[in-house]
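Peer 1: Here it is, the structure in full.
The values are calculated or read from the model by the stated rules, or taken from the named source; none is laboratory data. Computed from a prediction, not measured in an experiment: that's the story for all the values here. All Cβ positions, even for glycine, are placed from backbone atoms using ideal geometry, and neighbour counts span all protein chains on display.
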Amino acid sequence: MESPKEAEPVLRHVELDVLIPKKMREKAKERCQEHVQAFTQCCKETGFMMVIKCQEQNTALKECLTLHYKDPAFFEECKQEYIKEKEEYQRTGIPNKNRKQKLPSSM
């Protein structure tokens, strides 16, 4: 007889199709930081000609990001992270993000 396994929570459509992919994009940008910086630097240096002159950097960045977006293990990792954050929020009522309180600009 199998031991009872903790059931994974049922995720809503918006969580699977919007929130988890958003987390994937954020994490993929972190993992592709070298390519992000190269593309950003190229764009700063070339200005309006970036469409032509930064194709190589743009292609490398897209390839790196796409590699992560299509990786089922990466999706699962982000999904589990999302589930942990959601459970922590439900338990405490405090959002996971460390939001700094912004002062009004008129002060």
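Peer 1: Evaluate segment 84-94: report whether one residue or more is at pLDDT 95 or above and either touching an Asp or Glu at 6+ places or on another chain (Cβ under 8 Å) or acidic (D, E) (or both).
Peer 2: No: zero hits.
Peer 1: Filter segment 61-72 down to the residues that are surrounded by fewer than 16 Cβ atoms within 10 Å (Cβ to Cβ) and over 14 Å from the mean Cα position of the chain (by Cα) and list them by number.
Peer 2: Let us first name the residues in segment 61-72 that are surrounded by fewer than 16 Cβ atoms within 10 Å (Cβ to Cβ), namely 62-63, 66-67, 69-72.
Passing the criteria: K62, E63, P72.
Peer 1: Go through segment 66-83 and give me each residue that's basic (K, R) and closer than 16 Å to V10 by Cβ. Please lay out each step first, then the result.
Peer 2: So in segment 66-83, the residues basic (K, R) come out as 70, 79.
Answer for segment 66-83, where residues must be basic (K, R) and closer than 16 Å to V10 by Cβ: just K79.
Peer 1: Quick check: anything in segment 48-61 part of a helix (DSSP H, G or I), at pLDDT 95 or above, touching a helix residue (DSSP H, G or I) at 6+ places or on another chain (Cβ under 9 Å) and β-branched (V, I, T)?
Peer 2: no
Peer 1: Still on this structure: In segment 1-47, which residue that is surrounded by 15 or more Cβ atoms within 10 Å (Cβ to Cβ) and not in a helix (DSSP H, G or I) is modelled with the lowest pLDDT?
Peer 2: Among residues in segment 1-47 that are surrounded by 15 or more Cβ atoms within 10 Å (Cβ to Cβ) and not in a helix (DSSP H, G or I), the one modelled with the lowest pLDDT is L11.
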